[in-house]
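Undergrad: The structure follows.
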Amino acid sequence: MIYWCHKCGEPIFDKVMHECNCDGDIVKISEGTICNPVFIQERKLLSKIVGLDLTEKKIWYFGASKYYYDGEMHRVPYREWYKAKEHLKCAEELRNDIKIERDYSLYMGVVEANKAYIQNLVFEAENYIVDIFNKYKNYDYIPTVSFSGGKDSTVVSRLVRDALQDNTVIHFFGDTTLEFSETYEYVMTKFRKENPMLPMLPSETENDFFKLCKVFGPPSQYERWCCTIFKTSNLNKELENLPGRSLSFLGIRHSESLARKFYERTQEHSKISSQINAMPIIEWTDYDVWLYVLFKNILINDCYRYGYKRVGCWCCPNNSDWSMMLTEIYHPEDMKKWKDMIYEFAMKTGKTDLDDYYEEGRWRTRRGASGLEVKNVTITDTACNLSDRARNIIIEKKLNKDAIEFFKPLGDLKIVEKKDATYISVCDKDKSGEYRKCFELIITYGTNVIKVLPEERIDSINLVNRIKCQMRKYQFCIRCSACDSVCPYGAIDTIHGKYTVDESKCQHCKKCIAKFYNGCIICDKVAGKKGS
Ligand code: SF4
Ligand code: SF4
Ligand code: SF4
Ligand SMILES: [Zn+2]
Ligand SMILES: [Zn+2]
């Protein structure tokens, strides 16, 4: 709930607190949680849309195209304007004259009017940070900030450094390779200049988004494969290089998305797990974040000056029309590349009305593989004459030495090469906790058959299914690196040319085996589910 004080001329976030110091007339102005200052560059754009000069005005944005200025709420009908392609007429003008004010003085009144409120919030968040730091510092945890260049992680960065009185906290910049150029400039240059002591470790990815789009199709709201590949995987790899475990501070907030509604503020698996996630601003609203930015006078990513409400991947299917419009204005080259890719995909998958598919944003809601080349991911097994319980698993790709890697998660391998075949006995702890031989594999390189001989006590159906999952990886892996991030012990490596499992690290926890449906993300995409 947001109020407006007519005496102060400012939005008020806690009515009772404000009334202690002010006798002004306070009215409710919004049921929502959005209230952010509109900067000059966005005001120029708004002026174009409404056809009035708003550049000198003090304007607040309240969500859902509603802007407050001249003592009134105005709905700015940008969508019609955008669909009529009016934005392209002034794109060049806007792009060629970008005004960024470093000074927030126009909006500082809101801090004064909500001082007690923001001080309380900060006090609470900083206490939380100190408490959790103290709780874990004796267990070899190092505080880190997971930094995206967006406002939420920028705020968390400052809170953590203030709370811990430490300006050298390690920051991880999770580069999705799909960031706006402003984000790179902000993270690597502007933010750095203000915080020269901060170690900022960019995560490197070997994956090329556009190349992967050829396999997966463009990401859609239902097929957000890129998040798994670019976000989780990279971060996990960086954490491995830390000389200790990571107490990671994240800028995640409940009000951001439904999916995050039920996140706990602290995710602590156990005192010895490799990572603890702490989310100091999880209950903060959007206006809390902005209030803090103004309160501490924090330099933010230029994208917010253009009017982006959130800053992430520039081509995300979850971006609003408003964001798409801004990207068409400020990053026409990126948009062109994106458009070409969508058209190519639409053509390849036999869409009839290409313009519609793109313009109406139907790619954003596509489901399933949508006509990509469908592969058969079924692997069959048959009875084997070696014993009652033995099975033959028949795969499509001929067996070679690389297949061995995929057996390693199942247990310790003892490999004996004989003239007729390769014999692999697999030992592991079983349900009783006893370490012993669980099954034997017999394979011949160059053939398609794997013979499985389970010990009497082993559930052979389950075992065969696991081996099938592993063999799908063997057949389909394009080294998207999603598996790397699944292994809690860092045993899996796909980015150095091959899928490998380091047996000195592998604990046979088997988490990697069926983490993805059918064993591998790719199978899920090419299995030819019914799609739109
Ligand atoms: S484009 Fe969207 S879905 Fe893909 S990685 Fe970025 S945020 Fe995730
Ligand atoms: S097996 Fe599949 S999910 Fe795992 S890294 Fe390879 S392509 Fe990705
Ligand atoms: S997740 Fe890692 S440790 Fe567990 S079985 Fe797979 S490779 Fe081994
Ligand atoms: Zn007042
Ligand atoms: Zn082992």
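The values are calculated or read from the model by the stated rules, or taken from the named source; none is laboratory data. Here the structure is a predicted model, which is why all the values come from computation and not from measurement. So basically every Cβ, Gly included, is an ideal-geometry build from the backbone, and we count neighbours across all protein chains shown. Please note that ligands, DNA and RNA were not included when accessible areas were found on the heavy atoms of the full protein model with its side chains. Shrake-Rupley method; radii C 1.70, N 1.55, O 1.52, S 1.80 Å.
Undergrad: For residue 520, all conditions in the list (1) open to solvent by 30 Å² or more (accessible area, probe 1.4 Å); (2) away from ligand 5 (no atom under 15 Å from the Cβ) hold save one; what is the number of the exception?
TA: (1)
Undergrad: Of the residues that sit in segment 383-421 and are of a type in the set (Gly, Ala, Ser) and without any contact (Cβ under 8 Å) to a residue 60 or more places away in the chain, which one is surrounded by the fewest Cβ atoms within 10 Å (Cβ to Cβ)?
TA: Ranking the candidates gives 383 first.
Undergrad: Got at least one residue in segment 159-179 being open to solvent by 40 Å² or more (accessible area, probe 1.4 Å), in contact (Cβ under 8 Å) with a residue 24 or more places away in the chain and more than 21 Å from residue 278 (Cα to Cα)?
TA: Looking through segment 159-179, at least one residue is open to solvent by 40 Å² or more (accessible area, probe 1.4 Å), in contact (Cβ under 8 Å) with a residue 24 or more places away in the chain and more than 21 Å from residue 278 (Cα to Cα).
Undergrad: Residue under question is residue 467, and the condition is that it be within 14 Å of ligand 3 (Cβ to nearest atom), open to solvent by less than 30 Å² (accessible area, probe 1.4 Å) and at pLDDT 95 or above; does it hold?
TA: The answer is yes for residue 467.
Undergrad: Out of segment 508-528, which residues are away from ligand 3 (no atom under 12 Å from the Cβ), part of a loop (DSSP other than H, G, I, E, B) and either at pLDDT below 75 or small (Gly, Ala, Ser) (or both)?
TA: 527, 528
Undergrad: Please verify whether segment 107-120 includes one or more residues that are under 22 Å from residue 253 (Cα atoms) and in a loop (DSSP other than H, G, I, E, B).
TA: Yes, that holds for at least one residue.
Undergrad: If I filter segment 405-423 down to residues being under 18 Å from residue 510 (Cα atoms) and among the hydrophobic types (A, V, I, L, M, F, W, C), which single residue comes out as nearest to the chain's Cα centre (by Cα)? Explain how you work it out, then say what you get.
TA: First, the residues of segment 405-423 that are under 18 Å from residue 510 (Cα atoms): 405-413.
Retained after the next criterion (residues that are among the hydrophobic types (A, V, I, L, M, F, W, C)): 406-407, 410, 413.
Details: 406: 27, 407: 30, 410: 30, 413: 36 Å.
Top of the filtered list is 406.
Undergrad: OK, next. Within segment 56-101, track down each residue that is assigned to a loop (DSSP other than H, G, I, E, B), closer than 30 Å to residue 7 by Cβ and open to solvent by less than 90 Å² (accessible area, probe 1.4 Å).
TA: Within segment 56-101, 57, 58, 59, 62, 63, 64, 65, 71, 76, 101 meet the criteria.
Undergrad: Taking the residues in segment 7-23 that are open to solvent by 20 Å² or more (accessible area, probe 1.4 Å) and not hydrophobic (A, V, I, L, M, F, W, C) as candidates, determine which candidate is nearest to residue 57 (Cα to Cα).
TA: Only one residue tops the list, namely 9.
Undergrad: Evaluate segment 3-13: report whether one residue or more is more than 16 Å from ligand 1 (Cβ to nearest atom) and part of a helix (DSSP H, G or I).
TA: no
Undergrad: I'm trying to understand the selection: among the residues of segment 475-499, which are within 11 Å of ligand 3 (Cβ to nearest atom) and open to solvent by less than 50 Å² (accessible area, probe 1.4 Å)?
TA: Correct list: 483, 484, 485, 486, 487, 490, 491, 492, 493, 499.
Undergrad: Oh, and also: Would you check if there is a residue in segment 355-366 being open to solvent by 70 Å² or more (accessible area, probe 1.4 Å), assigned by TED's automatic domain parsing to the domain that holds residue 494 and not small (Gly, Ala, Ser)?
TA: no
Undergrad: Identify, by number, the condition in (1) modelled with pLDDT of 90 or more; (2) open to solvent by 20 Å² or more (accessible area, probe 1.4 Å); (3) closer than 30 Å to residue 435 by Cα that residue 333 doesn't meet.
TA: The single condition residue 333 does not satisfy is (3).
Undergrad: Among the residues of segment 102-115, which ones are surrounded by 13 or more Cβ atoms within 10 Å (Cβ to Cβ) and not basic (Lys, Arg)?
TA: In the first step, residues of segment 102-115 are kept if they are surrounded by 13 or more Cβ atoms within 10 Å (Cβ to Cβ); the result is 104, 106-111, 113-115.
104, 106, 107, 108, 109, 110, 111, 113, 114 - these are the residues of segment 102-115 that are surrounded by 13 or more Cβ atoms within 10 Å (Cβ to Cβ) and not basic (Lys, Arg).
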